[in-house]
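Note sheet for the following structure.
Readers should treat all values here as calculations from the given coordinates under stated rules, not as data from a laboratory. Remember, it's a predicted structure, so these values are computed and weren't measured experimentally.
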């Protein structure tokens, strides 16, 4: 795995505003937030993408994400939020260490904006059946 800013944060070489830490997970405020309280949650295990993460590290993340989301909502007063996780450069991943964004959404429009262009299944039920069988 390439050296990343998150590896430096984990080693204490770069400071961060820590909001949660245990043996497997670190959460801290994003330095370039989309909204007030934008938080990053990372595993301490090095893995570039979610599919490369061990089951144990993934379970540790899954256990704390709801708890951290509740804390972000309580601290910011937001009533809505997005959880974003990107895998690979073409999926807009900028730091190649697994990380989840918890991004509060406010009535002023701050937070994550999403363009969603559903296309449907091009060949209908047969394509869906073939993909499901492969999965």
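Compared with the dominant principal axis of the Cα atoms in the chain, helix 55-76 is inclined by about 70°.
In terms of the ratio Rg/(2.2 N^0.38 Å) built on C-alpha atoms, what value belongs to the stretch 5-113? Don't jump to the answer; show the numbers that get you there.
Working: Rg = 13.4 Å, N = 109, 2.2 N^0.38 = 13.1 Å.
Cα-based Rg divided by the globular estimate yields 1.02.
What is the Cα convex hull volume of the stretch 6-47 when expressed per residue in Å³? Mind showing how you got there, number by number?
Working: hull volume 2.9 nm³, N = 42.
Cα-based convex hull of the stretch 6-47, divided per residue, equals 69 Å³.
Relative contact order, whole percent, for the stretch 11-58 stands at 26, derived from Cα pairs under 8 Å and 6 or more residues apart. The distance linking the stretch 9-66 with the stretch 91-135 is 20 Å (Cα centroid to Cα centroid, whole angstrom).
Taken over the stretch 53-135, the alpha-carbon convex hull comes to 162 cubic angstrom per residue.
Counting alpha carbon pairs within less than 8 Å and at least 6 residues apart, what relative contact order, in whole percent, applies to the stretch 5-113?
Working: 184 pairs, mean separation 30.5, N = 109.
28 percent.
Computed over the chain with a Gaussian network model linking Cα atoms closer than 10 Å, the most mobile of 56, 108, 30 is 108. Of the residues 102, 114, 68, the one that moves most in a GNM of the chain with alpha-carbon contacts below 10 Å is 114.
Axis angle, to the nearest 10 degrees, between helix 124-134 and the longest C-alpha principal axis of the chain: 60 degrees.
Is it possible to state the helix-based mean residue ellipticity at 222 nm for the chain, with each DSSP H run of 4+ residues giving -39500 (n - 2.57), the sum divided by total residues, to the nearest 500 deg cm²/dmol? What is it? Spell out each step's value before the answer.
Numbers: 3 runs with 39 residues, N = 135.
One gets -9000 deg cm²/dmol as the mean residue ellipticity at 222 nm.
The GNM of the chain, with springs linking C-alpha atoms under 10 angstrom apart, assigns the highest mean-square fluctuation among 21, 45, 13 to 13.
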